[in-house]
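Participant: Following this message is one structure expressed as structure tokens.
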Amino acid sequence: MCTPLRLSMPAGEHCPLLGWPRKPSLTSSADRSEHLGGSRILARGMDGVWEVLRARLDYASLVPRPIDAIVRGDLRKRDGTPYTVLKNPRGDGGAGTYVTLERPDVELFELMDGQRTTTEILVEHLQRRGVFALDRLGRLTAALAANGFFGEERPDPWTSLRRRRAQRDPFVRLSLLLRRLIIWNIASWPNAEQLVEVLYRAGGRLFFTRAGALAVLAFSAVGLALWVREFSSPRHDLFRVGESYVAGLVSLVVLQVLSISIHEAGHALAIRHFGRRVRRLGLAIYYLFPCMYVDSTDMVLAPRSQRMVVSLAGPLAGVTVAAAAMVVVVTTTDPVAASIGLKAATLLIFQFVLNLLPILDLDGYHVLVDALDAPLLRQRAIGFVRGSALRKLRRRDRWTRAEIGLATYGVLAIVVSLSMLVFAAWIWQERVKPVAGELLGTGIIGPVLLALLVLVFIGPIVVALAGRVAGMIRTAIRLAGARRRKRLEAERRAEMALLSRVRFLNGLTPAALAAIADHLVEERVEPGHVVVTVGEPGHKFYLVVSGRLEVLSAPGEVLGGLVPGDGFGELALLDRTPRRATVRATEPTVLWSLDRGHFHRWVRDRFEVAARIRASTEEREKLGSLPFFAGLQPQELMRIAAKLRTVRVAAGDAVLHAGDPGDRFYVIREGTAEVFLPDGTFVREMGPGSTFGELALLFGMPRTTTVRAKTDLTLGALARDDFAALVRASGETMGRFKERTAHYVGAGIGSAVAEAR
């Protein structure tokens, strides 16, 4: 069974700014020359890839010049929102091309007078509307250029590229094959207005009068009643004419082609009645069966009500002819004529019912879409059922009325589609299969007809299933690739985040960090495994991803521990010195390592990075010399130094005031500062390496002094919360840390405290 085919040309592909569509043919001033790489290249005569390149390089000075023959239709959506359809009668070989514009697009289009550049259009639109519509203008010019609204279409530079891609991609080749099997255009006749005009003047216009429409409806109702009575009569056989199955099947094939032609003629007459153009009329193979088709794209210029009438005209024309056939059936005495008439009526009525179903992508669906003003309703509904609806059910979310309607339609679309497959299988089992034996015994014509029946009933199902399976396979491959890319991106983000936590690397650009991440090698070690040994030459720099390691001195004394986010081994690589300590895993640990060659390329050979490494080491040593941090292990001091946030204070500004809450500890890296008591008495001057505010880390005491920058200051600041987190990460509680530092706190009470604060 072949369903009527109605072609619809796309109304232009909207693309991002300068992301030109498939046929970029934007014309500008042909006399204007452009500069490219110091060479002067004339715009006249350029086409193809060079045209695209020129347009991309000089988009700002482009002068869009719409052709004079543009047909414009100003329409409204169901909610009253205005929109505009533009038609280029010269496009697509004279058949016409179309672009649909929203109101903001129309405002930009109306500024394209052939004199303004795109820059001037943007400025003028900005002055009028207060909106800088750069992206919208880019999409608009690209869509208009792709559909020939700026002149003749230039050679398509992408055709050969798409052809080569198709030759390499098996899924593209399969998709093209399935498309050819589903819709294969055998012949088409552009400019079919003369034939349609003859039919319209010969009596077709009468069907669009009030009296004609009422007569058609009444006559069709009578025909349907007669068909119901006669179809159930045992004296009629759908697959035979007389006693011949061959004649019966031949007549069905011929009548099917004629019935579809009648259906399409109804569409064509309606298009003519509303003053629109039939762009093409032709013959195609639709799901392996010959079908006539009418291209009704020109109706995009018509209101929704007229488009609905055009969609209904095809099924009504078919059922009207079916009624006439039934009159022949009940009035003739010729059994052959009665048999052929019943077959014709059956095919036409079946098409009538099938096409009016608003579930399948046929005429009834187009009527529903126009009535609701809901483009792509079927695709959106099925996608909603497969995705969002299931998630909402699992989460028990509330549903809106629109979502309920969309889900209902999607479920019906899926159920009806599956039901059609079941119905086709039933027809094959009950009606077609018994005929197979008879046809095999009728010579060569019988098997040929049987093969045609198999193609008609089985072919669409096979083609549809093949397309579905191919689509599922391709989707699975794409999803697998997407999951792999997502996993790699997550790993890359984790690597970048871990690298950025390394103090001497956090000044590198993202590109440099990404380059380092490309060369990181994952290493897994078990408890007790020695990663580096004291005294051995350094070959790798390590980052701890997970697990825990301990740092040992040469005698075997535990100096500290390493936790995720810690790095080690950089000094041995930087200065080519032996390892200063042994590092051993205490639990299953994952490390990222960077070998000596890549470390030298990305770290040592960058002066600023090497300076940061040495500065970090010096700062760690300075922290360790402070009584407040006495007793902390080198790795603990490194973590504290890494958490120091750089703070810059201009000369004369206060770093802190007496009475402020104590929330930070400071290390002076560059510059000098002065300490004053609350009454303004000068206490002392501090230079690089000096610290202040340490009691805030333990007690959060209010500041007892004011610290002011004497010169421009660069400080390292450690927040109290960060310090507490570091203490907990080291395995030491804050209480124990306070006890361990009690001697320093006690010694600092009084004047020392005042000076420190």
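Participant: Filter the stretch 319-372 for residues that are charged (D, E, K, R) and surrounded by fewer than 20 Cβ atoms within 10 Å (Cβ to Cβ); which is nearest to A225 (Cα to Cα)? Explain how you work it out, then say what you get.
Facilitator: First pass over the stretch 319-372, keeping only residues charged (D, E, K, R): 334, 343, 361, 363, 370.
Within this subset, residues satisfying the condition of being surrounded by fewer than 20 Cβ atoms within 10 Å (Cβ to Cβ) are 334, 361.
Details: D334: 21, D361: 27 Å.
Here the residue is D334.
Participant: Among the numbered conditions (1) within 17 Å of S311 (Cβ to Cβ); (2) in contact (Cβ under 8 Å) with a residue 24 or more places away in the chain, tell me where F239 comes up short.
Facilitator: Among (1) within 17 Å of S311 (Cβ to Cβ); (2) in contact (Cβ under 8 Å) with a residue 24 or more places away in the chain, the lone unmet condition for F239 is (1).
Matching residues to (1) under 54 Å from the mean Cα position of the chain (by Cα); (2) modelled with pLDDT of 80 or more:
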site	(1), (2)
F629	yes, no
L632	yes, no
P661	yes, yes
G671	yes, yes
D679	no, yes
F682	no, yes
A696	yes, no
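Participant: Also: Can you give me the number of residues within the stretch 649-670 that are buried (at least 18 other Cβ atoms within 10 Å of the Cβ) and in a strand (DSSP E or B)?
Facilitator: Qualifying residue count, the stretch 649-670: 9.
Participant: Select from the stretch 77-118 the residues that are surrounded by 14 or more Cβ atoms within 10 Å (Cβ to Cβ) and part of a helix (DSSP H, G or I) and list them in ascending order.
Facilitator: D92, P104, D105, V106, E107, L108, F109, T118
Participant: Quick one: count up the residues across the stretch 532-571 that are over 48 Å from the mean Cα position of the chain (by Cα) and outside any strand (DSSP E or B). Steps first, please.
Facilitator: We begin by selecting, within the stretch 532-571, every residue over 48 Å from the mean Cα position of the chain (by Cα); these are 533-537, 551-560.
Right, trim to outside any strand (DSSP E or B) and you get 533-536, 553-557.
Qualifying residue count, the stretch 532-571: 9.
A quick yes/no check of all residues on (1) modelled with pLDDT under 90; (2) within 25 Å of S305 (Cα to Cα); (3) in contact with a strand residue (DSSP E or B) (Cβ under 9 Å, 6 or more places away or on another chain):
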{"residue": "R56", "(1), (2), (3)": "yes, no, no"}
{"residue": "I67", "(1), (2), (3)": "yes, no, yes"}
{"residue": "R76", "(1), (2), (3)": "yes, yes, yes"}
{"residue": "G96", "(1), (2), (3)": "yes, yes, yes"}
{"residue": "E110", "(1), (2), (3)": "no, no, no"}
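The values are calculated or read from the model by the stated rules, or taken from the named source; none is laboratory data. None of the values given here were measured: they were computed from a predicted structure. With ideal geometry, Cβ positions are generated from the backbone for all residues, glycine too; neighbour counts draw on all protein chains shown.
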